[in-house]
Amino acid sequence: MFGIKTSTLSVSFRGRRGATVVVIACIVAYALRSSTKDLTRILYHSTQIESHDACPSLRLAVVPNEESADICSPRGRHKWRDDLDHYFEESTERMPSFAVVCQVNSGYWDFFVNWHRHFRKNSKRTEHVLIIIAEDASIHSKLEALFDSATSATIVLPGYDIANDHAHHNAEDYDSITYKSLVSTRATHLLNLMCILGVTGEDVVKSNGAIASKDTRKDIIIVYSDVDTVWVKDPFPYIQKLIGKNKSYDLLAAVDDHDYWCVKDYYCTGFLVIAQSPASISFLSHWEKELKYAPQLNQPIFNTVLRSSKLPKIRHSGLGEMEFPPGRLYFDQWVKEGGESERQKKEETMVVHNNYIIGHDAKMKRFEEHGLWINKKRSNA
């Protein structure tokens with residue numbers, strides 16, 4: 001019925017019979033609206049199921065229990081410290097409220113250009129610093145040349161291993177081995193940044209004579225954004241209101257779906273908001289260890305780690321679907337509704353994610369069809 005080989009359905013489920021029924025129900029329900037590739041991915045993950053009283057989830061391979069200080073102590077965590085210290089010492093701006101982080105490789109340079117044009121246009125009201133993690137040497141050089149200015153509020157950092165630089169050059173398809181290797185670095189990058197931003201110590205004398213305490217960096221909120229998103233409105237006021245001055249949440253995430261894998265709100269790792277806290281550092285460490293144990297799609301294990309009863313509690317919540325819609329809503333469901341309904345919903349949109357579609361060219365075509373691809377023939381941002 002689903003157009004896949006019978007052997008694909010030969011999955012070994014562990015746990016109680018009730019859990020097996022729940023797993024099969026979830027797979028069948030999602031299969032009715034999924035592609036063959038999506039279904040195969042779900043069946044693959046079902047081999048890693050562990051049984052709980054409520055719903056099944058991916059089995060955690062590693063359960064560490066370090067304190068935040070121990071997590072941030074390894075020397076490798078601080079490889080970007082000099083770059084970040086230099087930026088904050090030389091910057092003439094006030095300490096930013098947000099650090100917007102994105103990963104870029106050469107294969108998605110055109111998507112970064114598109115993303116950055118929308119971002120620059122729609123994020124002017126709130127103080128922020130843009131941190132771009134370059135995943136290969138070629139894109140690193142190109143980005144450094146583009147943002148060679150102390151006033152650009154932009155930091156370009158190398159996220160690649162020099163000895164294996166060739167690995168992440170192309171526009172890899174979702175679920176490919178190289179794609180999994182690339183996205184498995186996300187937790188490490190975010191954790192490294194948080195460990196550096198969360199330093200304490202002496203005040204820093206800036207180039208203009210002003211004094212900025214390193215302690216104030218701990219108040220910076222990290223916003224991670226995939227470059228296949230488009231910022232159609234400034235999301236910072238919304239995020240500030242939701243988190244609040246008292247940091248009411250450790251982590252906020254865009255919602256991809258509901259009741260997916262029996263999770264009420266299944267989060268998307270393509271748009272994350274992370275406040276600096278011991279709980280968020282611990283969570284990122286757990287997520288990182290799982291991804292290092294076995295490179296994989298980072299989103300399923302992200303949702304599993306976040307909700308695991310074995311790990312420290314982290315205060316998390318989903319971002320509004322109207323404000324941060326996934327591709328299945330913005331490009332499909334809302335378009336089918338059409339008319340005033342579509343117009344009103346898209347009027348609320350702040351950041352749209354071009355997901356629920358696979359492939360560089362397919363994503364670009366979809367953006368073009370919906371008027372979200374700008375200056376496509378220009379090679380710079």
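The values are calculated or read from the model by the stated rules, or taken from the named source; none is laboratory data. The structure displayed is predicted, hence computed values, not measured ones. Methodologically, a virtual Cβ is constructed for each residue, glycine included, from the backbone with ideal geometry; neighbour enumeration extends over all protein chains shown.
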Run down I374, I314 and say which single residue is in the same structural domain as F236 (by TED's automatic domain parsing) and aliphatic (A, V, I, L, M). I314
Considering only segment 210-319, give the strands (runs of 3 or more DSSP E) lying wholly within it that have at least 1 residues that are of a type in the set (D, E), touching a residue at least 40 places away in the same chain (Cβ under 8 Å) and surrounded by fewer than 22 Cβ atoms within 10 Å (Cβ to Cβ). 251-260, 263-274
Filtering segment 305-319 for residues that are modelled with pLDDT of 90 or more and in contact with a helix residue (DSSP H, G or I) (Cβ under 8 Å, 6 or more places away or on another chain) leaves a count of 7
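Anything in segment 102-152 that is among the acidic types (D, E), part of a helix (DSSP H, G or I) and farther than 24 Å from L191 by Cα? List them, or say none.
So in segment 102-152, the residues among the acidic types (D, E) come out as 110, 127, 135-136, 144, 148.
Next cut, part of a helix (DSSP H, G or I) only: 110, 144.
Hit for segment 102-152 is D110, nothing else.
If you take the residues of segment 121-136 that are of a type in the set (S, T, N, Q) and within 14 Å of I221 (Cβ to Cβ), which of them is surrounded by the fewest Cβ atoms within 10 Å (Cβ to Cβ)? Even if it seems obvious, please write down each step before you answer.
Filtering segment 121-136 for residues of a type in the set (S, T, N, Q) gives 122-123, 126.
Keeping just the survivors that are within 14 Å of I221 (Cβ to Cβ) gives 123, 126.
Values: S123: 18, T126: 15.
This residue is T126.
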Filter segment 143-182 down to the residues that are modelled with pLDDT under 60 and of a type in the set (A, V, I, L, M) and list them by number. A150, A163, A167, A171, I177, L182
Quick check: anything in segment 233-248 in contact with a Phe, Trp or Tyr (Cβ under 9 Å, 6 or more places away or on another chain) and at pLDDT below 90? yes
Among the residues in segment 249-269, are any within 13 Å of R315 (Cβ to Cβ) and of a type in the set (G, A, S)? yes
